[in-house]
Amino acid sequence: MPQSTRANPHSLLTPAMQKILKSMERAAGVPLHALTPQQARAAYEANADVLELPKQDLARVESFTVAARDGFDIPVRLYAPSESNLPVFVYFHGGGFTIGSISTHDLLCRRICSQSGCAVLSVGYRLAPEKKFPTAFEDCWDVLQWVKVHGSERCLDSTRLAVGGDSAGGTLASACAIQARDCGLDIALQMLIYPGTIGHQNRPSHKTFKTGFVLEEPHITYFFDHYVRNVQDRNDWRFAPLDGLRPDGNTADLSGVAPAWIGLAECDPLVDEGVEYADALRMAGVPVDLEIYRGVVHEFIKMGRALPEAAKAIQDASKALAEALF
């Protein structure tokens, strides 16, 4: 990155992105990291779809639950463009393991379903701080196993299975892809939207984009402090699939995991670790399609009313899903 850009990273932003950030700044109230988790969830729920593309009608939208290993009923929502037996994309929403829900990502999942032609199963995994690491990962993995065993009961073809998510959901999806490889569960694609992949905020982009780009450094610390129990959790591969450690003390071997489509925002604290994860997958022999959407920030994919890059990213991700699953 040129010195002038490092000194003024806001110059990278598209005019439309700059306009959105200025509007958000004018409307800003109490910072998210100064709220309780319950207040932060309510604030995110209230504003989650303000800039999203219009609601997509679908042939099937069904809500039900899947039993977790401890008996908890994990909420899920199934979207399908038809009543046919379809391949399935299991989706984990973002929100730093602390906020977000099936409803905050409803419009996004509907659009991916419509454009890809596959069924989408959105997972309401349990959040921190009520449930700390590794509960979110375990819930997501339990739903994947349910799809493999019981998916046919819902007209889901579990022989054609993909997994994905945005932000913390991308972290969960990448970790599930590693676990799936270890357990012999065939995954056709891992679709990762600006995922977190490292245990500590120590890459250059964390400094370059630490303030004024939606996901700010205090937000990341707030989320992680609610989710992890101790520093050892930050160094666990289920939290940090790039540099986290396995029980044997080694970092996760990425060879043989599912092919990846990775979509990143250029002006995002997480962009460097996303690029590094793509590179690590390629070095392990995993096919990777990496797209970096220029001039936009974390969370951009949910801003389709104002950002053409969001519509393009959804289109690109949906195309990758269709190519992998059909």
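What the table below lists for this structure:
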{"quantity": "Count of the range 65-104 residues which are more than 13 Å from the chain's Cα centre (by Cα) and without any contact (Cβ under 8 Å) to a residue 40 or more places away in the chain", "calculated": "6"}
{"quantity": "Matching entry among A180, A136, A168 (being touching a strand residue (DSSP E or B) at 6+ places or on another chain (Cβ under 9 Å), within 21 Å of A313 (Cβ to Cβ) and of a type in the set (A, V, I, L, M, F, W, C))", "calculated": "A168"}
{"quantity": "Residue in the range 34-50 that is in contact with a Lys or Arg (Cβ under 8 Å, 6 or more places away or on another chain) and over 27 Å from Y227 (Cβ atoms) present", "calculated": "no"}
{"quantity": "Candidates I193, I198, I187, I178, filtered to the one that is of a type in the set (V, I, T) and touching a Ser or Thr at 6+ places or on another chain (Cβ under 9 Å)", "calculated": "I193"}
{"quantity": "Test: residue in the range 92-103 that is assigned to a strand (DSSP E or B) and not small (G, A, S)", "calculated": "yes"}
{"quantity": "Residue in the range 115-148 that is surrounded by the most Cβ atoms within 10 Å (Cβ to Cβ), counting only those that are in contact with a Ser or Thr (Cβ under 8 Å, 6 or more places away or on another chain) and in a helix (DSSP H, G or I)", "calculated": "S116"}
{"quantity": "Criterion: part of a strand (DSSP E or B) and either without any contact (Cβ under 8 Å) to a residue 12 or more places away in the chain or not hydrophobic (A, V, I, L, M, F, W, C) (or both) - qualifying residue of G274, G295", "calculated": "G295"}
{"quantity": "Where G285 falls short, out of the listed (1) in contact (Cβ under 8 Å) with a residue 40 or more places away in the chain; (2) over 26 Å from T135 (Cα atoms); (3) of a type outside the set (K, R)", "calculated": "(1)"}
{"quantity": "Condition check for Y222: among the aromatic types (F, W, Y), in contact with a Gly (Cβ under 9 Å, 6 or more places away or on another chain) and closer than 25 Å to N8 by Cα", "calculated": "no"}
{"quantity": "Residues that are in contact with a His (Cβ under 6 Å, 6 or more places away or on another chain) and closer than 18 Å to A162 by Cα, drawn from the range 65-108", "calculated": "H93, H105"}
{"quantity": "Those residues of the range 51-64 which are surrounded by 13 or more Cβ atoms within 10 Å (Cβ to Cβ) and in contact (Cβ under 8 Å) with a residue 60 or more places away in the chain, in sequence order", "calculated": "L51, E52, L53"}
{"quantity": "Residue among E52, E45, E62 that alone is modelled with pLDDT of 95 or more and either in contact with a Phe, Trp or Tyr (Cβ under 7 Å, 6 or more places away or on another chain) or part of a strand (DSSP E or B) (or both)", "calculated": "E62"}
{"quantity": "Candidate set from the range 158-188 (those that are surrounded by fewer than 24 Cβ atoms within 10 Å (Cβ to Cβ) and in contact with a Lys or Arg (Cβ under 7 Å, 6 or more places away or on another chain)); member that is modelled with the lowest pLDDT", "calculated": "S158"}
{"quantity": "Scan of the range 149-168 for residues that are among the acidic types (D, E) and either part of a strand (DSSP E or B) or within 30 Å of L215 (Cβ to Cβ) (or both), ordered by number", "calculated": "D157, D166"}
{"quantity": "Pick from the range 258-288, criterion farther than 17 Å from G196 by Cα and either of a type in the set (V, I, T) or touching a helix residue (DSSP H, G or I) at 6+ places or on another chain (Cβ under 9 Å) (or both), ranking: surrounded by the fewest Cβ atoms within 10 Å (Cβ to Cβ)", "calculated": "P287"}
{"quantity": "Filter result for I220 (hydrophobic (A, V, I, L, M, F, W, C) and surrounded by fewer than 23 Cβ atoms within 10 Å (Cβ to Cβ))", "calculated": "yes"}
{"quantity": "Selection count, the range 181-210, where residues are in contact with a helix residue (DSSP H, G or I) (Cβ under 7 Å, 6 or more places away or on another chain) and either assigned to a loop (DSSP other than H, G, I, E, B) or small (G, A, S) (or both)", "calculated": "15"}
{"quantity": "Lone qualifier among S103, S158, S174, S82 - being in contact with an Asp or Glu (Cβ under 8 Å, 6 or more places away or on another chain) and not β-branched (V, I, T)", "calculated": "S103"}
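The values are calculated or read from the model by the stated rules, or taken from the named source; none is laboratory data. Please read these numbers as outputs of a predicted model, since none were measured by experiment. Counting neighbours? That spans all protein chains shown, and the Cβs are built from the backbone with ideal geometry, glycine included.
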